[in-house]
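*Asks:* I'd like to ask you about the structure that follows.
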Amino acid sequence: MNDSSGGTVLIRGGRVIDPGSGLDRAADVLIRDGRVERIGVGLESGGARVVDATGCLVTPGLIDPHVHLREPGQTHKEDIASGTACAVAGGFTTVCCMPNTVPALDSPELVRWVMRRAAETGHCRVFCVSAGTVGRKGERVADIAGCVEAGAIGISDDGDAIADPAMMRAVLEQCAKCDRVFMQHCQDPAMTRGSVMHEGAVSRRLGLVGWPREAEETIVERDIAIARETGARYHVQHISSAGTVDLIRRARAEGLRVSGEASPHHLLLTDEAIERQGAAAKMNPPLREWSDVIALREGVADGTITVLATDHAPHSADEKRRPMATAPFGIIGLETALALYAEALVHPGLIDWPRLIGLMTIEPARLCGLDAHGLGSLVEGGVGDVTVIDPEMEWVIGPDDLKGKSTNTPFLGWVVRGRAIATIVGGRVAFQQTRKAVALG
């Protein structure tokens with residue numbers, strides 16, 4: 001992303017929310033030379049580009065700590081340019097890309113390559129999560145210190161768990177030394193060979209190999225014990241199981257530096273979606289049962305789950321049309337996440353908009369150390385990354401709303417409420433939505 005100033009932007013007439021400082025009031029926001037110059041009432045600036053925020057929320061730029069940009073090596077699915085175009089369309093000003101590329105992001109050279117590429121072609125800020133083991137094979141510890149020095153803000157073998165407990169301990173020890181969070185994809189490979197969906201009544205009815213909750217929960221329980229011994233920061237990616245929520249709740253009550261994230265699909269869908277939509281609803285970890293959905297929502301509401309993350313996972317239409325056994329796992333999520341989070345959490349009254357904004361800004365910023373860069377906050381003198389959200393805009397999720405190379409989502413046709421209408425990155429308006437064009441009725 002070109003980080004040069006986007007000139008002067010005046011966001012007028014919105015409700016300004018900054019969860020980090022507790023700010024929540026009607027005000028204008030003036031951004032000049034890439035920084036927030038003023039937050040106040042009745043601001044004027046001749047020649048500024050004006051964004052009308054009447055009836056809208058004005059928030060810190062949204063942050064997604066878990067996306068797959070597929071570059072290098074899988075650019076037929078997505079690349080940094082297309083993935084960040086999805087991000088700004090969804091209101092995200094910062095994304096953190098996972099290391100399961102080809103080759104894996106397991107060296108300082110590859111971390112620097114992605115960051116250079118993002119500076120050249122990205123529409124928003126991109127930070128790297130580098131691999132914990134060489135090639136993500138779980139056999140040798142990667143050069144974690146070198147990757148951190150090159151700019152990695154987290155460590156993960158995402159796409160696979162580190163199955164060997166001794167290797168996991170060695171990786172967590174390195175993460176603790178470098179003060180970087182380890183983000184675990186919690187899946188016991190011995191319990192999930194050939195699995196394509198949640199193990200339960202639906203998998204039995206369809207005759208498909210089931211994926212038990214225990215495959216996630218046993219890894220989480222093991223890793224919490226190792227995190228306790230090493231003092232490392234440990235984060236559970238894309239939680240799917242009610243049991244995992246309970247494990248994290250107990251670990252946090254103990255004072256351990258353990259956290260977790262929820263994704264839109266696990267907050268809204270169950271394994272019954274497989275019957276209706278087939279591989280379009282094939283996830284890793286899989287969609288489970290309504291009791292798990294409720295547990296995840298309650299975990300967000302009571303503060304057990306502190307981060308929301310899309311796990312944006314693009315795949316081509318041809319790949320997703322394969323039989324269930326061979327179709328890839330995952331869906332896209334950046335363009336639709338905000339409205340879907342609101343559908344799952346705000347509209348039912350579990351949390352309010354300021355809390356949702358916190359889960360999408362300051363909390364992921366703290367997780368990844370991005371708050372040290374001034375990200376995740378909206379304050380005078382701070383970084384000019386701002387998202388303007390119309391919380392009442394109703395729209396139908398359609399193919400034209402998807403800005404990337406892939407359209408693999410089970411949410412097409414959903415009527416949702418809440419949308420980013422402007423995304424400002426470093427003082428530059430990176431995306432703006434015409435409100436009347438998408439409003440219903």
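Any read-out appearing in this document is the output of simple, stated calculations on the displayed coordinates, not a laboratory observation. What you see is a predicted model; the values in this text were computed from it and never measured. Methodologically, a virtual Cβ is constructed for each residue, glycine included, from the backbone with ideal geometry; neighbour enumeration extends over all protein chains shown.
*Asks:* Taking GluC sites (Glu not before Pro) as exposed when DSSP calls them loop (any state but H, G, I, E, B) and at most 14 other Cβ atoms lie within 10 Å, what is the longest stretch of the chain free of them, the sites themselves excluded?
*Replies:* 255-379
*Asks:* Here is a further query. Distance in nm between label sites at residue 275 and residue 322, each 7 Å beyond Cα in the beta-carbon direction?
*Replies:* 2.7
*Asks:* Now for a separate question. So what are the chain's ellipsoid semi-axes, whole angstrom, largest first, if each one is the square root of 5 times an eigenvalue of the alpha-carbon gyration tensor?
*Replies:* Working: eigenvalues 218, 122, 85 Å².
Working from the Cα gyration tensor, I get semi-axes of 33, 25, 21 Å.
*Asks:* Mean separation of Cα pairs under 8 Å and 6+ residues apart, divided by the residue count of segment 332-407: what relative contact order is that in percent? Let's see the in-between values first.
*Replies:* Numbers: 38 pairs, mean separation 19.0, N = 76.
The value is 25 percent.
*Asks:* Sticking with this structure for a sec: Along segment 38-45, what does the Karplus equation 6.51 cos²θ - 1.76 cosθ + 1.60 (θ = phi - 60°) give for ³J(HN,Hα), rounded to whole Hz, x for Gly and Pro?
*Replies:* Taking θ as phi minus 60°, the curve returns 9, 10, x, 9, x, 6, 10, 7 Hz for segment 38-45.
*Asks:* Residues with amide H under 5 Å of residue 37's amide H, sequence separation 5 or more or different chain, H placed in the peptide plane at 1.01 Å from N; which?
*Replies:* Here the answer is 30, 31, 32, 381, since their amide H atoms fall under 5 Å of that of residue 37.
*Asks:* Can you work out ³J(HN,Hα) from phi for every residue in segment 394-408, in order, using Karplus 6.51 cos²θ - 1.76 cosθ + 1.60 and θ = phi - 60°, giving whole Hz and x for Gly and Pro?
*Replies:* Calculated HN-Hα couplings, in order: 9, 7, 9, 5, x, x, 5, 7, 9, 9, x, 7, 10, 10, 7 Hz.
*Asks:* Could I ask something else about it? Quote to one decimal, in nm, the extra length available between residue 379 and residue 347 on full extension: 0.36 nm per residue of separation minus the C-alpha distance between them.
*Replies:* On the way: separation 32, 0.36 × 32 = 11.52 nm, distance 2.78 nm.
Gain on extension, residue 379 to residue 347, equals 8.7 nm.
*Asks:* Pairs of alpha-carbon atoms within less than 8 angstrom and 6+ residues apart define the contacts here; what relative contact order does the chain have, in percent? Intermediate results must be reported in sequence, preceding the final value.
*Replies:* Details: 1109 pairs, mean separation 88.7, N = 441.
Contact order relative to length: 20 percent.
*Asks:* Here's a follow-up. Please list, ordered by chain and number, the residues whose modelled amide H lies under 5 Å from the amide H of residue 369; skip anything fewer than 5 residues away on the same chain.
*Replies:* The list, which skips near neighbours in sequence, is empty: none.
*Asks:* Taking the DSSP beta bridges in the chain as the whole, what percent of them are antiparallel, to the nearest 5? Write out the running numbers ahead of the final one.
*Replies:* On the way: 32 of 61 bridges.
Restricted to the chain, the bridges split so that about 50 percent are antiparallel.
*Asks:* In addition: In nm, give the distance between the simple-model label positions of residue 139 and residue 290, each being 7 Å from the Cα along the Cα-to-Cβ direction.
*Replies:* Using points 7 Å along Cα→Cβ, the separation is 4.7 nm.
*Asks:* Oh, and also: Taking H as built 1.01 Å from N, whose amide H comes closer than 5 Å to the amide H of residue 316, not counting residues under 5 places away?
*Replies:* So residue 316 has HN proximity to no qualifying residue.
*Asks:* Which of the lysines could a cross-linker bridge to residue 403, judged by Cα under 26 Å and excluding same-chain residues fewer than eight apart?
*Replies:* 77, 282, 320, 436
*Asks:* Which of the trypsin sites (Lys or Arg not before Pro) found in segment 172-250 are in a DSSP loop and have at most 13 neighbouring Cβ atoms, other than their own, within 10 Å?
*Replies:* Details: sites: 177, 180, 193, 204, 205, 213, 222, 228, 233, 249, 250; in loops: 180, 193, 213, 233.
Those satisfying the criteria are 193.
*Asks:* Using alpha carbon centroids, what distance separates segment 378-399 and segment 284-333, in Å?
*Replies:* If we compute the Cα centre of each part, the gap is 23 Å.
*Asks:* So how far, in whole Å, is the C-alpha centre of segment 62-132 from the one of segment 417-435?
*Replies:* 20
*Asks:* A follow-up question, please. If R0 is 25 Å, what FRET efficiency do you get for residue 301 and residue 225 from their C-beta distance, rounded to 0.05? Before the final figure, lay out each step's value.
*Replies:* Working: r = 27 Å, r/R0 = 1.08.
Efficiency computed from Cβ-Cβ geometry: 0.40.
*Asks:* Which ³J(HN,Hα) values in Hz, rounded to whole numbers, follow from the phi angles of segment 413-420 under the Karplus curve 6.51 cos²θ - 1.76 cosθ + 1.60, where θ = phi - 60° and Gly and Pro get x?
*Replies:* Running phi through 6.51 cos²θ - 1.76 cosθ + 1.60 with θ = phi - 60° gives x, 5, 8, 10, 9, x, 7, 6 Hz.
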